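Working notes, beginning with the structure itself.
The values are calculated or read from the model by the stated rules, or taken from the named source; none is laboratory data. Since we're looking at a predicted model, the values are computed, not measured. Here the Cβ positions follow ideal geometry from the backbone for every residue, glycine too, while neighbour counts run over all protein chains shown. To get the accessible areas, we keep the full protein, side chains included, count just its heavy atoms, and leave off ligands, DNA and RNA. Shrake-Rupley method; radii C 1.70, N 1.55, O 1.52, S 1.80 Å.
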Amino acid sequence: ATSSFLDLDELLAGTVELICRHCEFYYAAIFLLDEEKEYLLLKEDASDNGVSLKNGAYRVTVGSGSIVGWVAANNAPRIALDVSREPLYSSEPSLPETRSEFSLPMAARGRLLGVLDVQSRELSAFDEEDVAILQILANQIAINIDNARLFKQVSAQLNETEALVELNKQLTSTLDLSEIYSRAVQAFSELLDISHCLLYSWEKKQDAVIVQAELNSQLNPRASDRPSDSLAVKFGLKDRPGTERVLNSLVPLVRTLDNATMPDAERSLLMQLGQTASLELALVMGNTALGSVELFRTGPQPSFEPGEVQLAQALANQTAIALNNAHMATEARERVAVLSTINRLSNVLSLAPTLKDVFDGVRREVFSNIDAVGISIMLLTPEGDKLSWIYGYEYGEEVDLSSTSPMPISRGFSGSVARTRKMLLINEDVELLHDELHSETVGASPDAWLGLPLIVANELIGVVAVENDIPFPDHAIELLNTLAGPLAIAIHNLIQFEEVQEALEGQSRQRVQLQAAAEVAAAATSTLALDELMQRTVDLIKERFSFYYVGLFLVGQDTDLAVLRAGTGEMAKRQIEKGHYLIVGGKSLVGGATGDGVARITQDVSMDQEWHANPHLPETRSELAIPLRVRDHIIGALTVQSAAANAFSSELVSSLQTMSDQLAVAIENTQLLVRAEARARRQQNLNEISGQLYRATDVDEIIGIGAQAISKQLGGRAVSLSLGRTVSEIPALDVSESSGNSADDDRQPAVGPN
């Protein structure tokens with residue numbers, strides 16, 4: 001019956017049960033020798049009343065003062081027909097009815113495997129026949145145990161071989177690193193009796209190991225390629241000397257909580273995971289470790305046996321081979337990607353018409369090949385002592401740099417790159433270095449930073465910086481270092497091209513401005529009507545220069561008011577009708593220009609605290625006020641307003657000043673002509689009245705002619721003349737008749753009837 005069992009546990013259980021039942025013994029037990037041959041471990045027992053010692057981890061020391069220990073030490077049977085007289089007998093509280101005991105060695109192929117122990121309630125229960133039969137049974141049991149162990153070993157080897165073959169298929173069927181890590185920890189969990197598994201990569205430059213995959217078989221039967229939130233992703237080797245020793249010596253290491261010499265960091269990990277022991281093995285490729293795997297056990301789980309260590313190392317080696325193949329494939333793909341990126345970027349840079357197109361093209365290529373969150377480009381100022389941010393992109397959108405001032409190269413990450421003209425890589429402690437280098441952050445603060453100098457013909461033109469939430473891998477650094485050269489050349493070429501274009505555009509603008517000035521001058525000399533002259537001029541300036549608004553103020557005679565006389569748009573007409581004016585010498589731009597004769601300019605009204613907005617002109621963003629001067633005399637001012645900030649270049653201001661000077665002369669000439677014509681009309685009227693008076697012969701007629709002339713001059717008011725005591729009243733002249741015959745703009749209203 002016992003020879004039919006191939007499973008060791010079933011064999012032992014069946015054997016003691018059969019002995020108790022067929023041999024009618026009170027108790028039967030089988031002890032097996034441990035690997036170190038120091039202890040006999042109770043593996044199985046049975047009794048006719050259900051008593052068992054197996055659950056108590058029962059063991060006996062070889063050679064100890066007990067019957068079982070003596071038998072193992074001497075490899076000979078021992079009978080105690082009366083246990084009360086047996087000096088080696090040790091009473092067991094759970095077996096109080098024992099009166100006699102017989103222990104026999106179990107040996108196979110000349111090697112002691114364990115001890116068979118039977119006990120009886122009767123004195124002298126064992127005779128010579130029982131001894132012979134039990135010895136035969138013990139020998140048979142030993143053979144069966146040996147066979148079961150051999151079968152288990154062979155089965156285990158076959159299972160391990162099949163498992164290794166299957167793992168090899170799984171690992172070689174993918175070149176994705178994260179998938180390899182995930183499949184590997186899954187295989188360790190399925191093939192070894194472990195409760196937790198961590199798989200590390202060895203980052204030599206950082207002198208650390210990084211958790212790449214984790215599996216907790218007690219909580220989640222599936223592997224995860226991400227470490228749990230409760231664990232640090234990275235462990236420094238200076239805190240884990242055991243891991244460093246495994247990686248360098250390639251020798252497995254077993255850790256247990258009861259080891260008082262274990263480093264605190266390694267003990268802390270065991271306690272944090274709730275484990276009592278771990279086995280760490282190197283992932284060996286050739287003679288080099290790529291990383292390590294740490295297998296954990298807890299509670300009643302046994303320690304790691306040599307066979308398990310051997311299997312775990314085989315799994316680790318296969319994992320290392322798969323990882324190495326994936327790394328090689330990844331490097332090959334990365335090299336192809338770099339070449340492809342450089343080729344695409346070269347096309348982008350060669351075809352980009354503007355710097356903005358260059359920056360967007362570089363950003364797209366960088367983000368498509370590197371796991372980055374931001375990129376910025378800074379150019380050296382002409383003085384060479386500052387860096388100006390000209391492009392920033394972070395977390396999917398451009399960064400507004402309009403309010404960012406140039407940064408001195410004496411501080412900051414980018415300043416360090418500019419000073420040393422060398423790449424600066426910061427994969428950790430960004431905040432610490434941020435304070436140390438007095439860096440300035442635009443946008444969010446990164447966890448990793450990489451800056452490269454932009455150099456053309458041995459001249460530094462700027463810095464390109466890339467930000468990330470995780471450390472930059474080697475391939476990303478290599479790619480960015482390769483892209484820096486073509487990017488610098490493209491930026492330099494476009495800057496030179498834009499400078500040439502700007503010069504040509506400046507010349508073109510000058511031609512347009514001169515042409516506009518000529519048109520304004522022609523318009524100013526083509527009419528002698530003052531209001532028409534001013535309105536045509538402001539309309540022409542607005543149209544030719546595409547301004548938002550143009551207005552013209554004239555300073556009244558013997559007043560301190562600058563009155564709006566002409567302006568563009570409907571709002572200007574309404575303001576003119578209401579008599580809109582500004583104080584000469586006041587705080588407005590027009591007031592200042594008419595006060596001291598100096599032009600006033602505000603390139604960005606939002607930055608000028610003293611600038612006051614006109615509610616009728618809400619879109620004004622920049623304004624220029626130019627005085628109208630004639631022979632050191634200020635007669636008014638021209639206000640020019642734009643809907644864009646920084647709209648007035650020095651060339652444009654110069655052209656507008658020239659036009660203003662010409663306009664002032666034209667206005668002065670027109671005013672002089674109007675005054676001359678008015679004086680001529682007054683003189684003509686006086687001559688006519690003098691003639692009428694000279695020809696009159698009657699006093700009443702003379703008085704009538706004089707009173708009528710005075711009334712007409714006063715706009716048709718009633719006039720009375722007194723001569724002594726006689727009063728002759730002259731009725732008021734018809735106003736319409738009077739105004740229709742007069743074109744004298746210089747007449748003054750009377751102050752009451754006289």
* To do: Any chance you could count how many residues in region 60-77 are touching a strand residue (DSSP E or B) at 6+ places or on another chain (Cβ under 7 Å) and either part of a loop (DSSP other than H, G, I, E, B) or exposed (fewer than 15 other Cβ atoms within 10 Å of the Cβ) (or both)?
  => 6
* Asked: Are there any pairs with C-beta distances below 7 angstrom linking a residue in region 589-617 that is more than 23 Å from Val555 (Cβ to Cβ) to a residue that is assigned to a loop (DSSP other than H, G, I, E, B) and open to solvent by 80 Å² or more (accessible area, probe 1.4 Å), with the two at least 6 apart or on different chains, and if so which?
  -> Gln603/Asn646; Asp604/Arg621; Asp604/Asn646; Val605/Arg621
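I'm trying to understand the selection: among the residues of region 78-94, which are open to solvent by 60 Å² or more (accessible area, probe 1.4 Å), at pLDDT 90 or above and assigned to a loop (DSSP other than H, G, I, E, B)? Please lay out each step first, then the result.
Our first condition is that a residue be open to solvent by 60 Å² or more (accessible area, probe 1.4 Å); within region 78-94, this holds for 79, 81, 84-85, 87, 90-91, 93.
Subset that is at pLDDT 90 or above: 79, 81, 84-85, 87.
Listed by number, the residues that qualify are Leu81, Pro87.
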* Structure fact -> Checked pairs for region 58-87, first farther than 14 Å from Leu41 by Cα and among the acidic types (Asp, Glu), second modelled with pLDDT of 90 or more and outside any helix (DSSP H, G or I), C-beta under 6 Å and 6 or more apart or across chains, list as Asp82/Leu123; Glu86/Ala80
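Just the residues that are in a helix (DSSP H, G or I), of a type in the set (A, V, I, L, M, F, W, C) and in contact with a helix residue (DSSP H, G or I) (Cβ under 9 Å, 6 or more places away or on another chain), please, taken from region 327-362. Let's see the steps before the verdict.
Quick first cut of region 327-362, residues in a helix (DSSP H, G or I) only: 327-351, 355-362.
Subset that is of a type in the set (A, V, I, L, M, F, W, C): 328-329, 332, 336-339, 342, 345, 348-349, 351, 355, 358-359, 362.
Answer for region 327-362, where residues must be in a helix (DSSP H, G or I), of a type in the set (A, V, I, L, M, F, W, C) and in contact with a helix residue (DSSP H, G or I) (Cβ under 9 Å, 6 or more places away or on another chain): Ala337, Val338, Ile342, Leu345, Val348, Leu349, Leu351, Leu355, Val358, Phe359, Val362.
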* Asked: Leu40 passes all but one of (1) open to solvent by 10 Å² or more (accessible area, probe 1.4 Å); (2) touching a strand residue (DSSP E or B) at 6+ places or on another chain (Cβ under 9 Å); (3) not in a loop (DSSP other than H, G, I, E, B); which number fails?
  -> (1)
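Residue-wise test of (1) in a helix (DSSP H, G or I); (2) touching a Cys at 6+ places or on another chain (Cβ under 6 Å); (3) of a type in the set (D, E, K, R); (4) modelled with pLDDT of 90 or more.
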{"residue": "Leu167", "(1), (2), (3), (4)": "yes, no, no, no"}
{"residue": "Ser178", "(1), (2), (3), (4)": "yes, no, no, no"}
{"residue": "Tyr200", "(1), (2), (3), (4)": "no, no, no, yes"}
{"residue": "Lys205", "(1), (2), (3), (4)": "no, no, yes, no"}
{"residue": "Ile210", "(1), (2), (3), (4)": "no, no, no, yes"}
{"residue": "Asp229", "(1), (2), (3), (4)": "no, no, yes, no"}
{"residue": "Arg245", "(1), (2), (3), (4)": "yes, no, yes, yes"}
{"residue": "Val251", "(1), (2), (3), (4)": "no, no, no, yes"}
* To do: For region 402-413, indicate whether the set of residues that are modelled with pLDDT of 85 or more and part of a strand (DSSP E or B) is non-empty.
  => yes
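Looking only at region 267-282, count every residue that is open to solvent by less than 10 Å² (accessible area, probe 1.4 Å) and of a type outside the set (Gly, Ala, Ser) and tell me the total. Give the steps one after another, and end with the answer.
Step one: filter region 267-282 for residues open to solvent by less than 10 Å² (accessible area, probe 1.4 Å), giving 269-270, 275, 278-282.
Cutting the leftovers down to of a type outside the set (Gly, Ala, Ser) gives us 269-270, 275, 279-281.
Residues that pass the stated criteria total 6.
Working carefully through the options Glu428, Glu436, find the one that is more than 26 Å from Thr341 (Cβ to Cβ), under 16 Å from the mean Cα position of the chain (by Cα) and at pLDDT below 90.
Values: Glu436 fails: under 16 Å from the mean Cα position of the chain (by Cα).
Of the residues listed, the single one that is more than 26 Å from Thr341 (Cβ to Cβ), under 16 Å from the mean Cα position of the chain (by Cα) and at pLDDT below 90 is Glu428.
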* To do: Kindly check whether there is at least one residue in region 14-37 that is part of a helix (DSSP H, G or I) and basic (Lys, Arg).
  => yes
* So, of the residues in region 9-59 that are closer than 17 Å to Gly114 by Cα and under 60 Å from the mean Cα position of the chain (by Cα), which turns out to be modelled with the lowest pLDDT? -> Ala57
* Subset of region 574-597 (residues that are of a type in the set (A, V, I, L, M, F, W, C) and over 13 Å from Ile635 (Cα atoms)) -> Ile576, Leu582, Ile583, Leu589
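Inside region 95-110, can you point out the residues that are assigned to a loop (DSSP other than H, G, I, E, B) and either touching a Lys or Arg at 6+ places or on another chain (Cβ under 7 Å) or surrounded by 13 or more Cβ atoms within 10 Å (Cβ to Cβ) (or both)?
First, pick out the residues of region 95-110 that are assigned to a loop (DSSP other than H, G, I, E, B): 95-99, 109-110.
Leu95, Glu97, Thr98, Arg99 - these are the residues of region 95-110 that are assigned to a loop (DSSP other than H, G, I, E, B) and either touching a Lys or Arg at 6+ places or on another chain (Cβ under 7 Å) or surrounded by 13 or more Cβ atoms within 10 Å (Cβ to Cβ) (or both).
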* To do: Could you check how many residues of region 548-567 are crowded, with 21+ Cβ neighbours inside 10 Å and within 49 Å of the chain's Cα centre (by Cα)?
  => 2
* Asked: Scanning for something more than 36 Å from the chain's Cα centre (by Cα) and of a type in the set (A, V, I, L, M), does region 286-304 turn up at least one residue?
  -> no
* Asked: Within the group Ile689, Ile702, Ile710, which residue is among the aliphatic types (A, V, I, L, M), open to solvent by less than 60 Å² (accessible area, probe 1.4 Å) and part of a helix (DSSP H, G or I)?
  -> Ile689
* Could we say that Ala125 is at negative phi, surrounded by 18 or more Cβ atoms within 10 Å (Cβ to Cβ), in a loop (DSSP other than H, G, I, E, B) and touching a residue at least 24 places away in the same chain (Cβ under 8 Å) here? -> yes
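Among the residues in region 595-606, are any buried (at least 23 other Cβ atoms within 10 Å of the Cβ) and at pLDDT 90 or above? Give the derivation first.
Looking only at region 595-606, we keep the residues that are buried (at least 23 other Cβ atoms within 10 Å of the Cβ), and these are none.
Within region 595-606, none of the residues are buried (at least 23 other Cβ atoms within 10 Å of the Cβ) and at pLDDT 90 or above.
Report yes if some residue within region 46-53 is buried (at least 18 other Cβ atoms within 10 Å of the Cβ) and among the hydrophobic types (A, V, I, L, M, F, W, C); otherwise report no. Walk me through how you get there before you give the answer.
Within region 46-53, the first condition is being buried (at least 18 other Cβ atoms within 10 Å of the Cβ), and the residues that meet it are 46-47.
Those left that are additionally among the hydrophobic types (A, V, I, L, M, F, W, C): 46.
Yes.
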* **Every residue from region 322-365 that is in contact with a strand residue (DSSP E or B) (Cβ under 6 Å, 6 or more places away or on another chain) and either more than 30 Å from Arg183 (Cβ to Cβ) or of a type in the set (A, V, I, L, M) (or both)** => Leu323, Phe359, Arg363
* To do: Could you run through region 363-391 and say how many residues are part of a strand (DSSP E or B), surrounded by 21 or more Cβ atoms within 10 Å (Cβ to Cβ) and small (Gly, Ala, Ser)?
  => 2
* Being modelled with pLDDT of 85 or more, more than 24 Å from the chain's Cα centre (by Cα), more than 20 Å from Ile477 (Cα to Cα) and of a type in the set (D, E, K, R), is that true of even one residue in region 366-383? -> yes
